[in-house]
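Student: Can you keep this structure in mind? I'll have questions shortly.
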Amino acid sequence: MTSRHDADELGFFGDFGGRFMPEALVAALDELTAEWEAAMADPAFIGEFERLLRDYAGTPSKLYHAERLSAQVGARVLLKREDLNHTGAHKIRNVMGQALLTKRMGKTRVIAETGAGQHGVASATAAAYFGLDCTVYMGKVDTERQALNVARMQMLGAEVIAVDAGSATLKDAINEALRDWVASVDHTAYLFGTAAGPHPFPSMVREFCRGIGDESREQCLEQFGRLPDAVAACVGGGSNAIGMFTAFLDDEDVKIYGLEPGGDGVDTDRHAATIWAGESGVLHGARTYVLQDEDGQTIESHSISAGLDYPGVGPQHAHLAKTGRAQYLPVTDTEAMDAMALLARTEGIIPAIESSHALAGALKVIPDLVAEKGPDATIIVNLSGRGDKDMGTAIEWFGLGRSNNEQSNTEENAK
Amino acid sequence: MTAKSTASAFARAREEGRSALIGYLPAGFPTKQGSIDAMRVMVENGCDVIEVGLPYSDPVMDGPTIQAAAQTALENGFRTRDVFDIVEAVAATGAPTLVMTYWNPVERYGVDKFAADLAGVGGAGLITADITPDSVTGWDEAADANDLDKVYLVAPSSTEERVAMTTANCRGFVYATAVMGVTGARDSTSDLAGPLVARTKATTDLPVGVGLGVSNGDQAAEIAKFADGVIVGSAFVRVLAEHADDPAAGLEALAVLTRDLAAGVRR
């Protein structure tokens with residue numbers, strides 16, 4: 001599994017990554033690194049991981065040619081249907097890998113942080129499957145906007161702790177989970193939710209998610225006899241994106257697009273476009289791009305998608321951006337919601353708002369791609385999750401939820 | 001400056017046959033001047049060394065008491081540059097004064113500039129909560145160039161190799177975190193402290209301070225039996241927070257607590 005894109009032995013991807021952590025956690029990170037490397041070299045572990053993904057998580061996920069959408073936008077749009085996985089997102093790949101590793105290490109409890117709740121639900125699912133105790137930390141703001149996912153986690157037997165500190169969102173949930181881990185590390189594993197944090201998490205999460213890209217590459221070759229011209233994925237911390245990108249890093253002709261949450265716009269102070277607008281710093285144990293003020297205090301991020309609302313980003317993404325191998329572009333809340341509606345109405349697929357960012361970004365780059373590659377230009381968009389969890393936001397955004405005659409009556413009365 | 005390195009304070013305590021008392025407060029809490037007043041009270045009543053905490057938005061090692069205080073300081077407009085004024089005022093008392101910080105604010109300020117400015121106001125050095133000597137930071141070089149203490153942490157989970165590596169890179173003293181967990185006053189001190197101090201002392205002649213959890217003279221006396229320094233943070237912060245409406249009463253309560261702790265390290 002060694003490639004020139006792997007982190008060095010200190011966990012650095014070029015200038016980014018590494019380990020900036022309290023000494024109390026270093027032994028745990030060393031243990032995790034050693035156990036993970038041993039597991040990845042163990043055919044029995046790999047075999048069990050692959051069996052779990054196939055039989056339980058439902059992968060390989062489909063690579064679906066969205067023909068009506070393609071006709072509308074004038075290029076071949078392929079959707080990697082991670083939304084069809086068990087629990088409705090790519091997250092299940094990562095947690096089944098980490099939970100299997102937890103069992104191998106003999107630990108009995110897992111903790112996790114979650115923004116939108118997808119990683120929390122996946123973690124609670126894996127914990128239930130493996131018979132592990134599970135505590136999930138979630139920003140208080142997020143528990144309110146993702147109440148359905150809180151209920152799902154509780155249904156699965158997990159304890160959900162609302163975090164009121166700081167901005168009460170994902171970054172604060174990570175802080176709280178790290179605090180828990182310092183005190184419980186002898187029997188607890190931290191199922192990190194994204195390809196960020198201290199070494200080995202960025203590498204480990206990438207490897208557990210890399211099936212997204214490996215499958216896509218193989219499926220595209222098999223179905224269309226060629227590689228795509230581009231791949232696109234949304235980037236909050238960046239686990240689904242790095243899972244997709246890894247397979248294509250050596251395919252120099254394949255353009256790679258990471259789409260960041262642009263919120264109200266990157267020219268406002270309400271966004272979470274970390275690579276676009278952040279600067280190099282240290283957050284949550286890694287050197288990466290961080291949204292920060294001139295004193296190095298983290299700036300609260302904003303995105304309509306709780307799952308992307310994070311002021312840092314995985315260090316390998318920072319490296320890919322700096323070296324130019326991948327391009328990272330912001331997508332506003334409005335653009336993402338428009339893409340969500342477009343996919344729902346052209347293909348009958350309601351994507352997660354996270355994934356809607358990827359689609360919206362793809363729509364923006366398609367004209368240039370077609371200009372360069374012609375009408376057969378092919379782009380794979382990672383549909384990292386399904387939109388059920390986001391219907392509350394969609395109801396509010398689009399004014400849904402009332403019958404159409406009620407809506408028109410209201411409009412009549414308003415006139 | 002009268003006291004450049006914390007070594008002098010530890011040496012004096014050792015001559016007196018006791019442990020040193022090290023007190024922590026966040027800079028800018030409850031206000032910039034309020035924090036200076038409080039730290040001066042701590043020195044006047046028996047703290048040998050002062051740790052000035054640099055408030056940070058994402059303090060993964062801090063418990064709720066210190067996090068809330070740091071948050072208050074930031075909401076009141078604390079800026080990194082304010083820490084140098086505070087260090088200057090506290091160091092003027094003669095007590096070695098260190099800054100305890102998370103890394104990103106230092107890096108953002110500029111590692112070399114931070115070291116130079118800290119030395120320039122008479123600061124003794126830096127305690128780094130979220131970096132270890134093997135993190136890639138450039139701090140060692142900057143500290144050495146400015147004759148500053150480098151205080152790294154050891155933990156109960158540290159391997160023998162890591163304890164040795166850490167103490168070899170420390171200057172001033174070694175910070176032993178006595179419990180696995182975040183900062184915060186506790187009812188009983190940890191039975192992990194003694195063995196950790198013994199393991200640490202086996203690798204170095206530097207003084208070893210024990211932190212996390214001490215809140216009264218009895219606990220301080222217990223730790224002082226085997227440690228060169230007793231570090232107290234949350235208990236001081238809590239006293240100030242409890243008297244938020246009456247700063248004078250807060251300073252008086254702080255003096256009482258400091259005297260209790262100072263008596264503890266002398267038992």
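Student: What are the lysines whose alpha-carbon lies under 23 Å from the alpha-carbon of A:Lys103, with same-chain residues fewer than 8 places away excluded?
Tutor: Leaving aside lysines fewer than 8 places away in the same chain, those within reach of A:Lys103 are A:Lys91.
Student: Please compute the average number of Cβ atoms from other chains found within 10 Å of each residue's Cβ in peptide A:274-287.
Tutor: The mean count of partner-chain Cβ atoms within 10 Å per residue comes to 3.
Student: Would you kindly derive the ³J(HN,Hα) couplings of the stretch A:378-386 from the backbone phi angles with the Karplus curve 6.51 cos²θ - 1.76 cosθ + 1.60 (θ = phi - 60°), listing them in order in whole Hz, with x for Gly and Pro?
Tutor: 10, 10, 9, 10, 7, 8, 5, x, 9
Student: Counting only other chains, what is the mean number of Cβ atoms within 10 angstrom of the Cβ of each residue in peptide B:102-112? Show your work: numbers first, answer last.
Tutor: Details: counts 5, 6, 11, 7, 2, 6, 11, 3, 0, 0, 0.
Average neighbour count from other chains, rounded to a whole number: 5.
Student: Provide a whole-number value for the mean count of partner chain Cβ atoms within 10 Å of the Cβ atoms in peptide A:161-168.
Tutor: 2
Student: How do B:27-36, A:391-400 rank on mean C-beta neighbours within 10 Å, highest first?
Tutor: Numbers: B:27-36: 21.9, A:391-400: 14.1.
For the peptides B:27-36, A:391-400, the packing ranking is B:27-36, A:391-400.
Student: Excluding A:Pro375 itself, what net charge comes from residues whose Cβ is under 13 Å from its Cβ, given Lys and Arg +1 and Asp and Glu -1?
Tutor: Net charge in that neighbourhood comes out at -1.
Student: Non-local amide H neighbours of B:Arg171 (under 5 Å, H modeled in plane, Pro and chain starts lacking H): which ones?
Tutor: Hits under the 5 Å cutoff: B:Lys150, B:Val151, B:Tyr152.
Student: Roughly how many nanometres apart are two label points built 7 Å out from the Cα toward the Cβ at A:Met155 and A:Thr268?
Tutor: 3.4 nm
Student: Also: Please list, in chain and number order, the residues 5+ apart from B:Asp228 or on another chain whose amide H is under 5 Å from its amide H, with Hs placed from the backbone.
Tutor: B:Val208
Student: Quick one: which of A:138-148, B:125-135 comes out on top by average Cβ neighbours within 10 Å, and what's the full order, highest first?
Tutor: Numbers: A:138-148: 21.3, B:125-135: 23.5.
Going by the mean number of other Cβ atoms within 10 Å, highest first, we get B:125-135, A:138-148.
Student: What pairs from A:Lys140/B:Lys32; B:Lys113/B:Lys150; A:Lys80/A:Lys322; A:Lys62/A:Lys364 go past 21 Å between their alpha carbons? Write out the running numbers ahead of the final one.
Tutor: Details: A:Lys140/B:Lys32 30 Å; B:Lys113/B:Lys150 16 Å; A:Lys80/A:Lys322 26 Å; A:Lys62/A:Lys364 24 Å.
Beyond 21 Å between Cα atoms: A:Lys140/B:Lys32; A:Lys80/A:Lys322; A:Lys62/A:Lys364.
Student: Something else: Residue by residue, what Karplus-based ³J(HN,Hα) values in Hz, rounded to whole numbers, does the stretch A:123-128 have, using 6.51, -1.76 and 1.60 with θ = phi - 60° and x for Gly and Pro?
Tutor: Karplus values, whole Hz, x for Gly and Pro: 5, 5, 5, 4, 4, 5.
Student: Per residue of the stretch B:59-68, in order, report the coupling 6.51 cos²θ - 1.76 cosθ + 1.60 (Karplus, θ = phi - 60°) as ³J(HN,Hα) in whole Hz, putting x for Gly and Pro.
Tutor: Coupling constants for the stretch B:59-68: x, 5, 9, 8, x, x, 5, 6, 4, 5 Hz.
Student: Still on this structure, I have one more. Taking amide H atoms as placed 1.01 Å from N in the peptide plane, list the residues 5 or more away in sequence, or in a different chain, whose amide H sits under 5 Å from that of A:Phe12.
Tutor: Under 5 Å from the amide H of A:Phe12: A:Gly18.
Student: Also, quick follow-up: Show me the ranking of peptides B:220-226, A:91-97 by mean Cβ neighbours inside 10 Å, starting with the highest.
Tutor: Result, highest mean Cβ count within 10 Å first: A:91-97, B:220-226.
Computed from the coordinates by the stated procedures, all read-outs in this text should not be read as laboratory data. The model shown is predicted, which means the values in this text are computed figures rather than measured ones. Backbone-built Cβ (ideal geometry, glycine too); neighbour counts: all protein chains shown.
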